[in-house]
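Any read-out appearing in this document is the output of simple, stated calculations on the displayed coordinates, not a laboratory observation. Everything numeric in this text was worked out from a predicted model, so none of it was measured. Every residue, glycine as well, gets a Cβ built from its backbone with ideal geometry; the counts of neighbours run over all protein chains shown.
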Amino acid sequence: MYILDKFFNPKSIAIIGASRDPEKIGHVLLNNLLTSKYSGKIYPVNPNAKLIKSLRCYPSIEEANKANKEPIDLVVISIPTEPSIKATESCGKLKIKNVLSITAGFSEIGNHDAEKRLKQIINKYKMNFIGPNCLGIIDAFSKLDLIFLPEIRLKRPERGGISFICQSGAIGSATLDLLSSQGLGFSKFITYGNATTINETHLLEYLGNDKNTDVICMYIEGVREGRRFIDIAKRVSLKKPIIALKGGLTESGAHATLSHTGSLAGSAEVYKGAFKQAKVIRAETLHDLYDFAKILEKSPKPKGRRVQVITNGGGFGILCVDGIDKNNLKTNMPSVATQNILKKKLPRECIVHNPIDLTGGATAEQYDLALKHCLDDKNSDILLVVLLLQTPLLDLKVIDMIKKYNDKHQKPIVVIMTGGNFTETQKHRLESGGVPCYTYPSDATKSIGAFCDYYNV
């Protein structure tokens, strides 16, 4: 088993290939590390510079290591292929155990000899090695930012409970940017490229024991240790949900996978069976990955599959019920007592079954009434609330009111909000307040189905 903690909580970091040129990856890596306010020691390594970003620059990893007076905790390599292999060997000779390699030009382009030589060095010195050909890693808790994309182009996440293991840097960065913009909090973001030594199974095992990780998302193109992956996933999924999207399931996709990271992709049926056996939640699309992560990260454990819909649009209520049926969920009626209270206090045109339709004349006070009594009603386990903010009488205090109820964790509350810029702004307020929000009923109900399946209710 690889010891990975020094990748995420290092006290000292050296960047081989640090640069004064803002266009170079080595400069972006160093700048991001400084901007993130990482508190450990930083050693830029470049033989052609004496000072970078006000930090003393060292001509070699040997000199940087000597300045640290003990083996540096983590070395990041961002130089061309052949020099990166030599740099890795230098780290090994210095008893530096942890290396993150951004460098490309290995098996992903058919350069198998270079990767073979790299692996021999790693094994010889018993090193922990992530990469090569990866985007890097982030830890929001230790304030470690070692990905080579500038913050101006990619929003960094706030602290939260989602960790993301991703073989593809492009998919990882786009997902991180999108989920961060929607208010989801992250713990760790890990890309691992060609996985010359440390692979998806090692990272999954590490995150399974990570106290700051509540939900694990994965994008994988090939699993190298199939049996061990299943065994580890079985153990981890008992403690926290694992959501996985597998790339390269079609014949054409598998060919693209081989040329992307040098991974071999198995058949779709094999992976479906393996994920099911390991109790891994299978995402069919990137959209699923985003959506499932939201509800699993934000919502309390449900007691059952009974969903009560509350809406101010009849058509949306019908689509919600269709989605509930499609995803093997249930639509029980509210109790007679709840129906009687709502009939007495709501306008006559409101429907108080399931869905509860407050109609286009709904007010925040009417939502408050419906939510209060449905949360107390024993005939439902989950509330699915449709908020169509285009209706004229609906005051925006409904947003804070839903956040207040959600904070009590009586039942999971899921919200559907469909609309343009105005609606999206309010949706972000709810998401930031810990309420999972969706644009379409189909996405919300599919996510609730996956949520209930994980908890086996």
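Helix 169-181: angle to the longest alpha-carbon principal axis of the chain, degrees 0 to 90, nearest 10?
For helix 169-181, the angle is close to 40 degrees.
Measure out, as a whole number of angstrom, how far apart the alpha-carbon centroids of region 169-214 and region 292-360 sit.
The distance from the Cα centre of region 169-214 to that of region 292-360 comes to 34 Å.
Using Cα pairs closer than 8 Å and at least 6 residues apart in sequence, work out the relative contact order for region 119-205, in percent.
40
At what distance in angstrom do the alpha carbon centres of region 37-90 and region 364-401 lie from each other?
One Cα centre to the other: 56 Å.
Can you give the FRET efficiency for THR285 and SER39, using 1/(1 + (r/R0)^6), R0 = 25 Å, r = Cβ-Cβ distance, to the nearest 0.05?
The calculated FRET efficiency here is 0.05.
If you bin the C-alpha pair distances of region 62-219 every 10 Å from 0, what whole percents do you get?
11, 39, 34, 16, 1
Across bins of 5 angstrom width beginning at 0, how are the C-alpha pair distances of region 1-140 distributed, in whole percent?
Percent of Cα pairs in each bin: 2, 10, 22, 25, 22, 13, 5, 1.
For the chain, find the longest principal axis of its Cα atoms and tell me its angle to the long axis of helix 81-93, 0 to 90°, nearest 10.
Helix 81-93 and the main axis of the chain meet at about 80 degrees.
Helix 441-454 sits at what angle to the longest principal axis of the chain, using alpha carbons and giving 0 to 90 degrees rounded to 10?
Once rounded, one gets 70 degrees.
Do any of LYS11/LYS37; LYS66/LYS95; LYS126/LYS246 go past 19 Å between their Cα atoms, and which?
LYS126/LYS246
Hey, what's the Cα Rg ratio for region 291-334 versus the globular rule of thumb, 2.2 N^0.38 Å?
1.25
Rounded to the nearest 0.05, what FRET efficiency is calculated for GLN410 and ALA174 with R0 set to 41 Å and r the Cβ-Cβ distance?
E between GLN410 and ALA174, to the nearest 0.05, is 0.70.
Show me the ranking of peptides 136-146, 46-56 by mean Cβ neighbours inside 10 Å, starting with the highest.
My ranking of the peptides, most packed first, is 136-146, 46-56.
Express in nm, to one decimal, how much length is gained between ILE351 and ARG227 on full extension, taking 0.36 nm for each residue of separation and deducting their alpha carbon distance.
39.4 nm
Where does the chain land at 222 nm, in deg cm²/dmol rounded to the nearest 500, when only DSSP H runs of n ≥ 4 count, each adding -39500 (n - 2.57), divided by all residues?
On the way: 17 runs with 190 residues, N = 457.
The helix contribution divided over the chain gives -12500 deg cm²/dmol.
How would you rank 201-210, 268-277, highest first, on the average number of other Cβ atoms within 10 Å across their residues?
Those peptides, ordered most packed to least, come out 201-210, 268-277.
On a straight-distance basis, which lysines could pair with LYS372 in a cross-link, Cα separation under 16 angstrom, same-chain partners fewer than 8 positions away excluded?
LYS372 reaches LYS343, LYS344, LYS345, LYS397, LYS403, LYS404, LYS408, LYS411.
Within the set LYS53/LYS86; LYS239/LYS298; LYS97/LYS188, which residue pairs have Cα atoms separated by over 19 Å?
Numbers: LYS53/LYS86 26 Å; LYS239/LYS298 16 Å; LYS97/LYS188 21 Å.
The pairs that break the limit, which is 19 Å between Cα atoms, are LYS53/LYS86; LYS97/LYS188.
Among the aspartates and glutamates, which have Cα under 15 Å from the Cα of LYS301 when same-chain residues fewer than 8 positions away are ignored?
ASP214, ASP381, ASP407, ASP453
In what sequence, highest mean first, do 408-415, 66-73 appear when ranked by Cβ atoms within 10 angstrom?
408-415, 66-73
Which FRET efficiency value, to the nearest 0.05, is calculated for VAL336 and GLN390 with the Förster distance at 35 angstrom and r the Cβ-Cβ distance?
0.60
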